[in-house]
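Input: a single structure, listed below in structure tokens.
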Amino acid sequence: MAKDDESKPLDPADFASNQLKLLEKERLAEVAEVSDAITTFSPMQLQVRGLAVLNLAIASVRTGLGGKTYRSESHQLT
């Protein structure tokens, strides 16, 4: 194996920068995918796909460590 074929150690700052760029691309792709699904599917179809929660009601709100805590009433789906 020639010396030119050997990989050089990756600079941590370059690695982190590249990972942040890739994460941003992934986030934008997911936002586009979910936005498309919201405009295409009914609320029930969104719930089946795990993108919506229907018939959610807040039973109480408390302020706690780190912000507000919400508790929903438990309802049986029929």
Matching entry among Ala32, Ala13 (being outside any loop (DSSP other than H, G, I, E, B), modelled with pLDDT of 80 or more, surrounded by 10 or more Cβ atoms within 10 Å (Cβ to Cβ) and not aromatic (Phe, Trp, Tyr)): Ala32
So Ala59, is it at pLDDT 75 or above and in a loop (DSSP other than H, G, I, E, B): no
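The values are calculated or read from the model by the stated rules, or taken from the named source; none is laboratory data. Just so it is clear, the structure is predicted and the values come from calculations on it, not from any experiment. Cβ coordinates were reconstructed from backbone atoms using ideal geometry, including for glycine residues, and neighbour counts include every protein chain displayed.
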